[in-house]
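The values are calculated or read from the model by the stated rules, or taken from the named source; none is laboratory data. Being a predicted model, the structure only gives us computed values, none of them experimental. Cβ placement follows ideal geometry from the backbone for every residue including glycine, while neighbour counts extend to all protein chains displayed. Ligands, DNA and RNA are stripped out before the accessible areas are found, and what is left, the full protein with its side chains, is counted by its heavy atoms. Shrake-Rupley method; radii C 1.70, N 1.55, O 1.52, S 1.80 Å.
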Amino acid sequence: MSTGAAIRPTITGWSAVSPYGIGAQALIEGVRDRRATVGPIDTGRWRVPETPVHLVPGFETREVLGKKGTRSMDRVTGLAVAAVGSLFQQSDATRESGTGERAGLVLATTTGSAASMMDFTRSSLEGAMPYDVDPAVMPNAVMNCAAGQCAIWYGIKGPNTTLAGGRAAGLLSLNYATRLLSSGRADTVLCAAAEEFSPARYWLERHSRGAEAPDTALGEGAAVLLVESPQTAGPERPALAEILAVRSRVAVGDAVRPALENCVRDALDTAGVQQAEIWAAGGSDAPGRLGALEREVLGEACGLKALEAVPAVGGLGDTSAASGFFQIALALAVAAGDPSSAGRVAVVTSADRDGSLACAVLRLAA
């Protein structure tokens, strides 16, 4: 999959709900202050062993979004809705562009809410009859619940898509958004990604990772980008970055490294970018060997100096499907205060243990 040469959409806005707090400014300040986000878990509330974790501080869905319409809303949906809301709070122009009939939404996820899915299944098994379940919980057990709630809350009436791709889901959804724009299906697309912390996710990760990286601290949060055609951007929503290329591959085992190298090279060639133009490069910090491999490939393709320009996304914990957009958000946050980034290129990669690989090349505003 790739962005076509005929259209190079732009990112004109972004926001996040991260372990630094709610909103883009919270992330900008957290990065600037180099603040650590890891902390101990409340074992009584979360029903997991003592473990370090990167939680969104003080995030309670009903307190952040209000009581109306949130009684049965799960955490991943609350994070996504809050992230989109924090973007729209930035300006009336952003809200106007990101809503209505010509605005679409693409949300990246791993499974939606693993907690909701497992709770719903458990109630069916534990009840007197399989259908003795709470019908109010069922919508949360559907993977596209978060995307649907974002559209309902804010009036996003264009195409609505959920992409489940693990750690690579964010960059894959960015590519999907460019296709919506190039095909004329939408004028603007909100690209969002969300990942929650829950006991269900904790135990799934603990039992599926194996011995390579069993102690990687989990993180959570949501990030959203406003992506639109260059023709619709303007003084009220100036371009922050141009999406030059997105490429993806699938590989496992010994084929991962050559496939990732090919993916990065293909993206840079499509973008027409030389190494000297690259300001920053970052991987998704996948646990274990996969994350180290990402860094090695990027160091060779982009230069070691580029790896140090932006803090590693692993500083927010393992945010899985949200890691790609957090990488882009971190790059935009740092670029806003670094004149040397103007007009230069940021390269972002994602690698998932199931074999999905992706690379995006962005040119920052001059």
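Tabulated values for the structure
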| item | result |
| --- | --- |
| Residues with amide H under 5 Å from that of Thr162, placed H, sequence gap 5 or more | Leu107 |
| Table column - 3J(HN,Hα) (Hz), the range 152-163, Karplus curve with 6.51, -1.76, 1.60, x for Gly and Pro | 5, 5, 10, x, 8, 9, x, x, 10, 9, 10, 10 |
| ³J(HN,Hα) computed for each position of the range 122-139 - Karplus, 6.51 cos²θ - 1.76 cosθ + 1.60, integer Hz, glycine/proline x | 4, 5, 5, 7, 8, x, 4, 10, x, 8, 7, 10, 7, x, 5, 8, 4, x |
| Packing rank of 248-257, 95-104, where each peptide gets the mean count of other beta carbons within 10 Å, highest leading | 95-104, 248-257 |
| Largest to smallest principal axis extent of the C-alpha atoms in the range 15-116, angstrom | 47, 36, 26 |
| Kirkwood hydrodynamic radius of the range 148-307, Cα pairs, Å | 18.1 Å |
| Expected 222 nm ellipticity per residue - DSSP helices of 4 or more, -39500 (n - 2.57), all of the chain, to 500 | -10500 deg cm²/dmol |
| Per-residue ³J(HN,Hα) for the range 303-317, Karplus 6.51 cos²θ - 1.76 cosθ + 1.60, θ = phi - 60°, Hz, x for Gly and Pro | x, 5, 4, 5, 5, 9, 6, 10, x, 5, 5, x, x, 9, x |
| Extension reserve of the Asp338-Gln275 stretch, reckoned as 0.36 nm per residue once the Cα distance is removed | 20.8 nm |
| Degrees separating the helix 289-302 axis from the principal Cα axis of the chain, which is the longest one | 20 degrees |
| Förster radius 51 Å - calculated FRET efficiency between Ala93 and Ser72, Cβ distance, rounded to 0.05 | 0.95 |
| Long-range tail of P(r) for the chain (Cα pairs > 30 Å, %) | 32 percent |
| Protection proxy ranking of 240-247, 52-59 - average other beta-carbon atoms within 10 Å, highest first | 240-247, 52-59 |
| Ordering of 185-196, 263-274 by burial proxy (mean other Cβ atoms within 10 Å per residue, highest first) | 185-196, 263-274 |
| Sulfur and carbon atoms: percent of accessible area, the range 67-141 [1.4 Å] | 56 percent |
| Under 5 Å, built H, 5+ apart or other chain: amide partners of Ala245 | Val361 |
| Whole-number D in µm² s⁻¹ for the range 215-366, Kirkwood Cα-pair radius fed into Stokes-Einstein, 25 °C, 0.890 mPa s | 157 µm²/s |
